[in-house]
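Engineer: My structure is below; once you've seen it, I'll send some questions.
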Amino acid sequence: MKRHSMRAAVTLCAATALAATLSTASGAPSDPRPARQRAAEPVLVDCFWRPEVRPADFMLACGDGNSRLAALQWSRWDGRAAVARGVNWVNDCKPYCAAGRFHAYAVTVRLDDPRPWKKNPDLRQYGEISLTYTDGRPEGFQKVVTYPLWS
């Protein structure tokens, strides 16, 4: 039993360090254009309630960090939709999430449904995200999954 407790503690520490690294990296400006120029475009609101335009990374599972998008390359970002290609890193949670392994899946990401952001109505935020798995997908996932985004 002690061995499992130690393994869980080490895994938890590693996950915390990874989350800290990711939050530091995502804290950097993702778009060098002036805020006034970006304000007309919809934003993607991250786990820390920061509006972002064309982020390189995005956490999908804010609570536990078991799903995130990385290496996003945006081909479209306008008043109606945004499209990018990237990688969805998903924890298989086997035998449980703290002991699980992360697997990379190529995805096309689409953001839709821009609407005023409740926290700052002067900004519009995308309200929906769709992931299309282009080369394999996590067990139990459909080829296309769509989630509402928080506001």
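The values are calculated or read from the model by the stated rules, or taken from the named source; none is laboratory data. Keep in mind that what you see is a predicted model, and the values were worked out from it rather than measured. Using ideal geometry, Cβ is built from the backbone for each residue, glycine included, and neighbour counts are taken over all protein chains shown.
Engineer: So residue 148 fits all but one of (1) in contact (Cβ under 8 Å) with a residue 24 or more places away in the chain; (2) surrounded by fewer than 16 Cβ atoms within 10 Å (Cβ to Cβ); (3) over 15 Å from residue 52 (Cβ atoms); what number is the exception?
Structural biologist: (1)
Engineer: Given (1) modelled with pLDDT of 95 or more; (2) over 30 Å from residue 139 (Cβ atoms); (3) touching a Leu at 6+ places or on another chain (Cβ under 8 Å), identify the lone condition not met by residue 78.
Structural biologist: (3)
Engineer: Being closer than 19 Å to residue 44 by Cβ and touching a helix residue (DSSP H, G or I) at 6+ places or on another chain (Cβ under 9 Å): is that true of residue 131 here? Step through it out loud before you land on a result.
Structural biologist: Values: closer than 19 Å to residue 44 by Cβ: yes; touching a helix residue (DSSP H, G or I) at 6+ places or on another chain (Cβ under 9 Å): no.
So residue 131 fails the test.
Engineer: Let me ask something else about it. With the condition kept exactly as written, say whether any residue in the stretch 24-31 is surrounded by 15 or more Cβ atoms within 10 Å (Cβ to Cβ), out of contact with any helix residue (DSSP H, G or I) (no Cβ under 6 Å at 6 or more places or on another chain) and modelled with pLDDT under 50.
Structural biologist: Within the stretch 24-31, one or more residues are surrounded by 15 or more Cβ atoms within 10 Å (Cβ to Cβ), out of contact with any helix residue (DSSP H, G or I) (no Cβ under 6 Å at 6 or more places or on another chain) and modelled with pLDDT under 50.
Engineer: Further question: Determine whether residue 107 is hydrophobic (A, V, I, L, M, F, W, C), under 16 Å from residue 53 (Cα atoms) and in contact with a strand residue (DSSP E or B) (Cβ under 6 Å, 6 or more places away or on another chain). Write out each step before concluding.
Structural biologist: On the way: hydrophobic (A, V, I, L, M, F, W, C): yes; under 16 Å from residue 53 (Cα atoms): no; in contact with a strand residue (DSSP E or B) (Cβ under 6 Å, 6 or more places away or on another chain): yes.
The answer is no for residue 107.
Engineer: Can I ask one more? Out of all the residues in the stretch 110-134, which are surrounded by fewer than 14 Cβ atoms within 10 Å (Cβ to Cβ) and farther than 19 Å from residue 51 by Cβ?
Structural biologist: Passing the criteria: only 134.
Engineer: So, in the stretch 62-114, exactly how many residues are in a strand (DSSP E or B), touching a residue at least 40 places away in the same chain (Cβ under 8 Å) and touching a helix residue (DSSP H, G or I) at 6+ places or on another chain (Cβ under 9 Å)?
Structural biologist: Residues flagged as in a strand (DSSP E or B), touching a residue at least 40 places away in the same chain (Cβ under 8 Å) and touching a helix residue (DSSP H, G or I) at 6+ places or on another chain (Cβ under 9 Å) within the stretch 62-114 amount to 1.
Engineer: Can residue 13 be described as at pLDDT 50 or above and out of contact with any helix residue (DSSP H, G or I) (no Cβ under 8 Å at 6 or more places or on another chain)?
Structural biologist: Taking the combined requirement at face value, the residue does not satisfy it.
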